[in-house]
Amino acid sequence: MRKLFLLFFFTLAILSADSQQLFNYCIAPPPLTGYVTTLLSYSNPSLANYTFYYRITLECAQTPQLFPLTIMDLNSRDKKVLSWHLDSVENITGVIDPCLVFASAPCHQTFYYHIDVQMAVYGAGSVAATINCCRPFNAQNMFYEIPYASGQIPCCANAACVGFLGPVSNGIVNFIRLPVLPPGQINSSPQFTSNDTILNVCQNRPFTYHIHASDVDNDSVAYHFSPPRIFFNEHQGTLPFPTGAFKAGYSNTDPAGPDLLLDPVTGLMQGSIHDTGTFVIPFSAVEYRNGVFLDSIMQDLLVKVYDCSQLPKPKASIPDSLNSCSGFAINFPNNSSPLYPGNNWNNTTFQWDFGDGGSSQLVYPSHTYADTGTYDTRVIIFPGLYCADTAYSKVLVYPYVKSDFSYSQDTCSGQQILFNNTSTSTSGDINFTQWDFKKDSSLLFSTSQYNTAYTFTKAPQTYTVILTVGNTKGCMATDTQYVNINQSPFPLASHDTILTKGATLQLQVNDGNYNYNGQYNWWPPDGLSDPSSPDPVLNSTTDNTYYVTVINSFGCTLQDSIDVKYYSGPDIYVPNAFTPNGDGKNDVFKPVPVGISEFRYFRVYNRYGQLMFHTNKANQGWDGNFNGTQAQQGTYVWEVSGVDYLGKTIHKQGAVILIR
């Protein structure tokens, strides 16, 4: 299989046999970028599968208007017209001179597209081309000759230029020659990997932009400024496409003047531009193999140059004063501009002086002072640059006042709760107190008493209690706590009990208040020592369900039940099979002790004697897993041991079948 990657940059329009189609759509002059990559893989000697890739960078307020890609066979002059498929859209960060201040951060988006196509490969090969009308009509360095009416954008959509038959000098063409490679040769063209962006710089101020293109074949790549390619009104598929013209003072080698240079080896573009406006800078990445030219890819870079002396300067801004009442640590706000959230600007720096010898270069620093006092703080934005600015603030450190309170306990409705103010202040006396009792956002009660009491009337509820205190230094602090009302009695510890015939059972409830002055009613009373006690003794031999109603001293109630079954014993009953399949039935293999006062152990082994499970708790069992993995279906050996209520040791062993 042979592969050929061919890459070029373009702004998109259409190449069509219909010459008038070029002039039926007007693209206002947005900054556009993009590339096309061609993948060539032979399925037979005369066919190739191509994938064309395209990217276009726009300001976020603009939407790309895409036209098909045209591919011409240079032998037959047959054409294919193909539509693009959108793959993704990504937000990108522009490059901005740190001394430029905009009302909001410049916003750019890159749109990524591709086209798959199969083509015949023979003879002179093919040309894939796409065009766009137009480059920015107000480009400072480009010369355009299109006639157009006053006030109209010269994009050949108006009547003034429909009949124009010469070259469209600000219309962009991007094309790539798809050659026929000798059998066995593989080539992938370079691909631009430098950041998609639009440069915003200051006039006469140095700036840099690193152009980079990668090549998977490790062929050498050189970087050069390029002539701007344009297109004819009537395209006949001839090569090469014509080049546009630069204004006086600019050229193919100096597209933005003599002081902007491009290193052909590293791709580093650096220097300055001495005029203001929008500059179109075409450049190419040229691929060589063993010193032989293979192909090239081209890109237009837009650079917007501003007279920064006429624009607002960066401004450092922090509050005039900051007051810390909760501790010695201060989190410093920063209202400086430019300060665009979510963007990382190269060379955007801050220099903080906290007034006690401490400093920071963070945008939003935090600093801990060693003692109380007043400190003179300053921040410098872009220190060392011609546009640096400084702001000052006084920091008052008077830690600290702390709001805090305690109360007796949560309770049911109608129970008065005492709230004790335990707030502290290390600098000045507490001279302000405010209590607020709330349910959600509704205020139920408010008072300025230092200590207070309150009776909640609705329950069960969770209420919010807020205490705000202030001291003579002007510091305020707030504490918020949540009070739960109506603590119900706890459910019975067990709802299913097995007893040996003749054994007794101590029943017991917990009313949530230590069973103090509560009301208890067990029913039916059969076999119970005291049905009105919180802990009656059951002495019976008949299976039954016992119900209990509890009213605690707060008025909180509970109704619950316990099932009691009797077996012959004392003994330990163990099932002979279980199915740990998660259906909630017979999922756990565990013993059933009857009349056992001391449960010693329960163990499960596989047929090789490996211990699979062990417990000394009677209510625990094996779930069929070992070290986090399901045990295999089959037979396992178990043993269990305990002491019954008569003091006799019971030891049993047997086998169980695990069924999946």
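The values are calculated or read from the model by the stated rules, or taken from the named source; none is laboratory data. No experiment lies behind these values; they were computed from the predicted model shown. Virtual Cβ from ideal backbone geometry, glycine too; neighbours counted across all protein chains shown. Areas reflect the complete protein model, heavy atoms only, side chains present, ligands, DNA and RNA absent. Shrake-Rupley method; radii C 1.70, N 1.55, O 1.52, S 1.80 Å.
Give P580, P575 a once-over and let me know the one that is open to solvent by less than 40 Å² (accessible area, probe 1.4 Å), part of a loop (DSSP other than H, G, I, E, B) and not charged (D, E, K, R).
One residue alone meets the criteria, P580.
Report yes if G647 is under 54 Å from the mean Cα position of the chain (by Cα) and surrounded by fewer than 12 Cβ atoms within 10 Å (Cβ to Cβ), otherwise no.
Spelling it out, it is not the case that G647 is under 54 Å from the mean Cα position of the chain (by Cα) and surrounded by fewer than 12 Cβ atoms within 10 Å (Cβ to Cβ).
Would a scan of the stretch 392-405 turn up a residue that is within 16 Å of F328 (Cα to Cα), β-branched (V, I, T) and exposed (fewer than 15 other Cβ atoms within 10 Å of the Cβ)?
Checking the stretch 392-405: not a single residue is within 16 Å of F328 (Cα to Cα), β-branched (V, I, T) and exposed (fewer than 15 other Cβ atoms within 10 Å of the Cβ).
Keeping to the stretch 348-372, report how many residues are crowded, with 16+ Cβ neighbours inside 10 Å and among the small types (G, A, S).
2
Inside the stretch 597-608, can you point out the residues that are surrounded by fewer than 16 Cβ atoms within 10 Å (Cβ to Cβ), more than 30 Å from A503 (Cα to Cα) and in contact (Cβ under 8 Å) with a residue 12 or more places away in the chain?
Scanning the stretch 597-608 gives a single hit, R607.
How many residues does the stretch 194-230 hold that are at pLDDT 85 or above, open to solvent by 50 Å² or more (accessible area, probe 1.4 Å) and β-branched (V, I, T)?
Number of matching residues: 1.
Checking S413 against (1) touching a residue at least 12 places away in the same chain (Cβ under 8 Å); (2) open to solvent by 60 Å² or more (accessible area, probe 1.4 Å): exactly one of these is not met. Which one?
Result: S413 passes all but (2).
Anything in the stretch 617-633 that is open to solvent by less than 20 Å² (accessible area, probe 1.4 Å) and assigned to a strand (DSSP E or B)? List them, or say none.
The answer is W622, and nothing else.
Any residue in the stretch 534-545 that's farther than 19 Å from Y520 by Cα: show its pairings with residues that are of a type in the set (K, R) at Cβ separation under 6 Å, as long as the two are six or more apart or on different chains.
What qualifies is T541/K501; D543/K565.
Of the residues in the stretch 376-410, how many are closer than 28 Å to L362 by Cβ, touching a residue at least 12 places away in the same chain (Cβ under 8 Å) and part of a loop (DSSP other than H, G, I, E, B)?
Residues meeting the conditions: 9.
Considering only the stretch 546-572, state which residues are part of a loop (DSSP other than H, G, I, E, B) and either under 23 Å from Q415 (Cα atoms) or free of Cβ contacts under 8 Å to residues at least 60 places away in the same chain (or both).
N552, S553, F554, G555, C556
As an exercise: evaluate N544 against (1) in contact with a Ser or Thr (Cβ under 7 Å, 6 or more places away or on another chain); (2) modelled with pLDDT of 85 or more and give the number of the one condition it does not meet.
N544 satisfies every listed condition except (1).
Give me the residue from the stretch 583-596 that is modelled with pLDDT of 90 or more and open to solvent by 40 Å² or more (accessible area, probe 1.4 Å) and, out of that set, nearest to R660 (Cα to Cα).
This residue is V588.
I'm trying to understand the selection: among the residues of the stretch 208-230, which are closer than 18 Å to I273 by Cβ and out of contact with any Ser or Thr (no Cβ under 7 Å at 6 or more places or on another chain)?
Those that are closer than 18 Å to I273 by Cβ and out of contact with any Ser or Thr (no Cβ under 7 Å at 6 or more places or on another chain): T208, Y209.
Would you please name the residue that is nearest to I551 (Cα to Cα), looking only at residues in the stretch 505-533 that are open to solvent by 80 Å² or more (accessible area, probe 1.4 Å) and part of a strand (DSSP E or B)?
Here the answer is Q519.
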